[in-house]
Amino acid sequence: MPCLYVCPLSGLSGVAAGLNRFDLLTLLSPDHKGEDHRALACERRAELSFHDITEARPGLVAPDRTAMQAILDFGREAHDRTMLIHCWAGISRSSAAAYVIACDRNPGFERDIAEELRRRAPSVTPNRLMVSLADDLLGRGGRMAEAIDRIGRGADAFEGEPYQLPLSWPIG
């Protein structure tokens, strides 16, 4: 069954080495120097640049509707292929992207997906602005944002551990 793999930048090569075919979504800050991922065996790749912030701040680029639509489109175009999503720490931006892609494919399972996300990745704290924007784009009436609020902030960590999130719900 296809799933989403999520990791920090430091774990990218190791996780990618264990995958046969996958699509790669990179979410890093605009000031981060680009990485050369040509050696990775990914089929498609998208890179979006914005800071990991939850409200507008002078001099920083906040996630916006355009970025969230690009994430949703990337997830939709993957069809049944495995996706690998990473950001700098693997805690906020990448986890938000994984959550919204899973919710897009599984309407009505927002709470279940959030709870499974917390179970599989105790340190993640999905970016609340990203989730709220996607909630609005998908017309979920606040259910996605409420589910993320319900699981709360993750355990303190400098960097998240790689994890997998199923793409089809309900899960066994």
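The values are calculated or read from the model by the stated rules, or taken from the named source; none is laboratory data. Small disclaimer: the values here were computed from a predicted structure and weren't measured. Counting neighbours? That spans all protein chains shown, and the Cβs are built from the backbone with ideal geometry, glycine included. The area values use the complete protein model at the heavy-atom level, side chains included, leaving out ligands, DNA and RNA. Shrake-Rupley method; radii C 1.70, N 1.55, O 1.52, S 1.80 Å.
Calculate what fraction, in whole %, of the accessible area of the chain sits on carbon and sulfur atoms when a 1.4 Å probe is rolled over the protein chains. In the chain, the share of accessible area belonging to carbon and sulfur is 48 percent.
Accessible area per residue for the chain is 48 Å², calculated with a 1.4 Å probe on protein heavy atoms, without ligands, DNA or RNA.
DSSP beta bridges fully contained in the chain are about 20 percent antiparallel.
When you restrict to C-alpha pairs under 8 Å that are six or more residues apart and normalise by the size of segment 15-134, the relative contact order lands at 28 percent. Ranking Ser168, Cys7, Val100 by Cα position along the charge dipole of the chain, where only Lys, Arg, Asp and Glu carry charges on their C-beta atoms, puts Ser168 farthest toward the positive end. Segment 93-135 has equivalent-ellipsoid semi-axes of 15, 13, 7 Å, by the square roots of 5 times the alpha carbon gyration tensor eigenvalues, sorted largest first. A Förster radius of 30 Å, combined with the Cβ-Cβ distance separating His79 from Arg57, puts the computed FRET efficiency at roughly 0.25. Maximal additional length on extending the Gln69-Glu47 stretch stands at 6.6 nm, based on 0.36 nm per residue less the C-alpha distance. Once you wrap a convex hull around the alpha carbon atoms of segment 1-95, what is its projected area averaged over all directions, in nm²? Its average projected convex-hull area is 6.1 nm². Given axes a ≥ b ≥ c from the Cα gyration tensor, I'd like to know whether segment 94-172 is rounded (a/c under 1.5), prolate (a/b larger than b/c) or oblate. Oblate, since a/c reaches 1.5 and b/c is not below a/b.
Pair-distance distribution P(r) for the chain, from all Cα-Cα distances in 10 Å bins starting at 0: 11, 43, 38, 8, 0 percent.
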